[in-house]
Amino acid sequence: MSQPGPNNCITDVSGLKVGSYTDLDALCGCTLVLCPKGATAGVDVRGAAPGTRETDLLDPVNLVNEVHAVSLSGGSVYGLACADGAVRWLSKQGVGFPLDDAGHVAPIVPGAVLFDLGRGVEFVPPVGPDWGRAACEAASSEPIALGCLGAGTGAVAGGMKGGLGSASEVLETGVTVGAVVAVNSLGSLLNPATGMLWELGQEVNHEFGPEAAIARVLPPWPPQAEPAKNTTIGVVATDTTLNKAQCKKVAQMAQDGLARAIRPTHTMFDGDTIFALATAQRPLPSEPGFFGPPEATAITEIGRAAADCLSRAIIRAAMAAESLGGWPCFRDLASR
């Protein structure tokens, strides 16, 4: 049976810190995943309405091999500015791609945003670089608070309250895999035939809470899809050594966990984007095989764990969320 790390969060991956900024009046926020010593990165974008920054740089054929943070934010296109604050903050710490002998650096901060406009007191929240900077200042390697905070503050998942979730797994090889996700999907986490969570069977050590196993609720459904008012964004990570192509493969496999936990997903109205990070704290296990490189088996297992962690993180987000902004949380839905 799989086992989570001590935090059951992406912060179990050595070399990472996570911080969030939350504005409950604006019903918006951002979450920054920091890798101050650098991390190899990949990305997989499958939704048809993405809002992203620096994703082309992560293509394996392109130059820069490491990133120094990933920004996840609400605020739609306005939320991309959170990454600017992270860049400035990291630069002052001397963290970034070296530019010269004088110590100047260029922090590399890819990012993605979700659509939560119109859910707070103003249609466009006051999101900007200050939010990203504040999230960096709050970052730590401690367990992450889950639910209605950070990038998941204004999130709505299939008509019920979404939020921020995280989970981790320690593999038999000792490699750690983790995920953090902001769940703001058109699709539902609930099976309409049973009123139960699609991926309830992925639970580890009762992490979803007692309500998840016994509740049978009436899934809320929006009356109609609204263009681009959705998107689930997240980061999966491992403490082993991967190159950019291998990170991209892990990000691709992680999307399977999103598709299992939310149905439908990757729609015309979602911009689903998953980043993958590798902090190179331990060597990648290898064993000879008939096909492919000796690392192929280990990459497959890391990708499997990333998908499972993402599914679990999505459910943990919903189970930790509270009713907010007129959207009911899972616990407040009517029983069947």
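The values are calculated or read from the model by the stated rules, or taken from the named source; none is laboratory data. Please read these numbers as outputs of a predicted model, since none were measured by experiment. No Cβ is skipped: glycine too gets one built from the backbone with ideal geometry, and neighbour counts run over all protein chains shown.
Quick check on T273: is it in contact (Cβ under 8 Å) with a residue 12 or more places away in the chain, out of contact with any strand residue (DSSP E or B) (no Cβ under 6 Å at 6 or more places or on another chain) and not acidic (D, E)?
Working: in contact (Cβ under 8 Å) with a residue 12 or more places away in the chain: yes; out of contact with any strand residue (DSSP E or B) (no Cβ under 6 Å at 6 or more places or on another chain): no; not acidic (D, E): yes.
No: the conditions fail for T273.
State yes or no: is K161 surrounded by fewer than 24 Cβ atoms within 10 Å (Cβ to Cβ) and at negative phi? Steps first, answer last, please.
Working: surrounded by fewer than 24 Cβ atoms within 10 Å (Cβ to Cβ): no; at negative phi: yes.
Here the answer is no, as K161 does not meet what is asked.
Name the single residue that is farthest from the chain's Cα centre (by Cα) among those in the stretch 299-318 being buried (at least 16 other Cβ atoms within 10 Å of the Cβ) and β-branched (V, I, T).
Going through the qualifying residues, I end up with I299.
Quickly run through the stretch 171-189 and pick out the residues that are farther than 24 Å from G75 by Cβ and in contact with a helix residue (DSSP H, G or I) (Cβ under 8 Å, 6 or more places away or on another chain).
Hits for the stretch 171-189 are L171, T173, V175, T176, V177, G178.
Check whether at least one residue in the stretch 39-48 is over 19 Å from A254 (Cβ atoms) and part of a loop (DSSP other than H, G, I, E, B), and report yes or no.
Pass one, the stretch 39-48, residues over 19 Å from A254 (Cβ atoms): none.
No, the stretch 39-48 has no match at all.
When you go through (1) at pLDDT below 95; (2) surrounded by fewer than 24 Cβ atoms within 10 Å (Cβ to Cβ) one by one for G47, which number turns out not to apply?
Among (1) at pLDDT below 95; (2) surrounded by fewer than 24 Cβ atoms within 10 Å (Cβ to Cβ), G47 violates only (2).
With the requirement that a residue be closer than 20 Å to L34 by Cα and in contact with a helix residue (DSSP H, G or I) (Cβ under 6 Å, 6 or more places away or on another chain), what does the stretch 106-121 give you? Write out each step before concluding.
In the first step, residues of the stretch 106-121 are kept if they are closer than 20 Å to L34 by Cα; the result is 106-114.
Once the filter is applied, which keeps residues that are closer than 20 Å to L34 by Cα and in contact with a helix residue (DSSP H, G or I) (Cβ under 6 Å, 6 or more places away or on another chain), the stretch 106-121 yields P107, V109, G111, V113.
If a residue has to be aliphatic (A, V, I, L, M), assigned to a helix (DSSP H, G or I) and free of Cβ contacts under 8 Å to residues at least 24 places away in the same chain to count, how many in the stretch 89-99 make the cut?
Within the stretch 89-99, the subset aliphatic (A, V, I, L, M) is 90, 95, 99.
Retained after the next criterion (residues that are assigned to a helix (DSSP H, G or I)): 90.
This time we only want the ones that are free of Cβ contacts under 8 Å to residues at least 24 places away in the same chain, so: none.
Summing the residues that are aliphatic (A, V, I, L, M), assigned to a helix (DSSP H, G or I) and free of Cβ contacts under 8 Å to residues at least 24 places away in the same chain in the stretch 89-99 gives 0.
Within the stretch 231-248, take every residue that is in contact with a Leu (Cβ under 8 Å, 6 or more places away or on another chain) and assigned to a loop (DSSP other than H, G, I, E, B) and give me the one that is surrounded by the most Cβ atoms within 10 Å (Cβ to Cβ).
Restricting to residues being in contact with a Leu (Cβ under 8 Å, 6 or more places away or on another chain) and assigned to a loop (DSSP other than H, G, I, E, B), the top hit is T232.
Which residues, taken from the stretch 140-161, are under 14 Å from T22 (Cβ atoms) and among the small types (G, A, S)?
Selection gives A145, G147, G150, A151, G152, G154, A155.
Within the stretch 139-176, which residues are in a loop (DSSP other than H, G, I, E, B), touching a residue at least 40 places away in the same chain (Cβ under 8 Å) and among the acidic types (D, E)?
If the condition is that a residue be in a loop (DSSP other than H, G, I, E, B), touching a residue at least 40 places away in the same chain (Cβ under 8 Å) and among the acidic types (D, E), then E142 is the only one that fits.
Can you tell me which of A321, A251 is more than 30 Å from V121 (Cα to Cα), in contact with a strand residue (DSSP E or B) (Cβ under 8 Å, 6 or more places away or on another chain) and crowded, with 20+ Cβ neighbours inside 10 Å?
Numbers: A321 fails: more than 30 Å from V121 (Cα to Cα).
Sole residue among the options that is more than 30 Å from V121 (Cα to Cα), in contact with a strand residue (DSSP E or B) (Cβ under 8 Å, 6 or more places away or on another chain) and crowded, with 20+ Cβ neighbours inside 10 Å: A251.
Return the only residue of T241, T267, T297 being over 19 Å from E199 (Cβ atoms), in contact (Cβ under 8 Å) with a residue 40 or more places away in the chain and β-branched (V, I, T). I'd like the intermediate steps shown before the answer.
Numbers: T267 fails: over 19 Å from E199 (Cβ atoms); T297 fails: in contact (Cβ under 8 Å) with a residue 40 or more places away in the chain.
Of the residues listed, the single one that is over 19 Å from E199 (Cβ atoms), in contact (Cβ under 8 Å) with a residue 40 or more places away in the chain and β-branched (V, I, T) is T241.
Residue by residue through the stretch 177-206, note down the ones that are under 16 Å from the mean Cα position of the chain (by Cα), over 11 Å from R312 (Cβ atoms), among the small types (G, A, S) and in a strand (DSSP E or B).
Hit for the stretch 177-206 is A182, nothing else.
Pick from A112, A102, A86: which is under 26 Å from G165 (Cβ atoms) and either at pLDDT below 95 or part of a strand (DSSP E or B) (or both)? If you could, list the steps in order and put the result at the bottom.
On the way: A102 fails: under 26 Å from G165 (Cβ atoms); A86 fails: either at pLDDT below 95 or part of a strand (DSSP E or B) (or both).
Unique residue meeting the criteria: A112.
Cβ-Cβ distance below 8 Å, separation of 6 or more or different chains: which pairs start in the stretch 68-81 with a residue that is at negative phi and part of a helix (DSSP H, G or I) and end on one that is at pLDDT 95 or above and polar (S, T, N, Q)?
Note: pairs meeting the criteria are G79/S73.
Would you call A313 in a helix (DSSP H, G or I), farther than 23 Å from P192 by Cβ and among the small types (G, A, S)? Even if it seems obvious, please write down each step before you answer.
Details: in a helix (DSSP H, G or I): yes; farther than 23 Å from P192 by Cβ: no; among the small types (G, A, S): yes.
Criteria not met by A313.
Restricting to the stretch 49-67, name every residue that is β-branched (V, I, T), over 22 Å from T265 (Cβ atoms) and not in a strand (DSSP E or B).
Filtering the stretch 49-67 for residues β-branched (V, I, T) gives 52, 55, 61, 64, 67.
With over 22 Å from T265 (Cβ atoms) added as a condition, the list becomes 61, 64, 67.
Within the stretch 49-67, V61, V64 meet the criteria.
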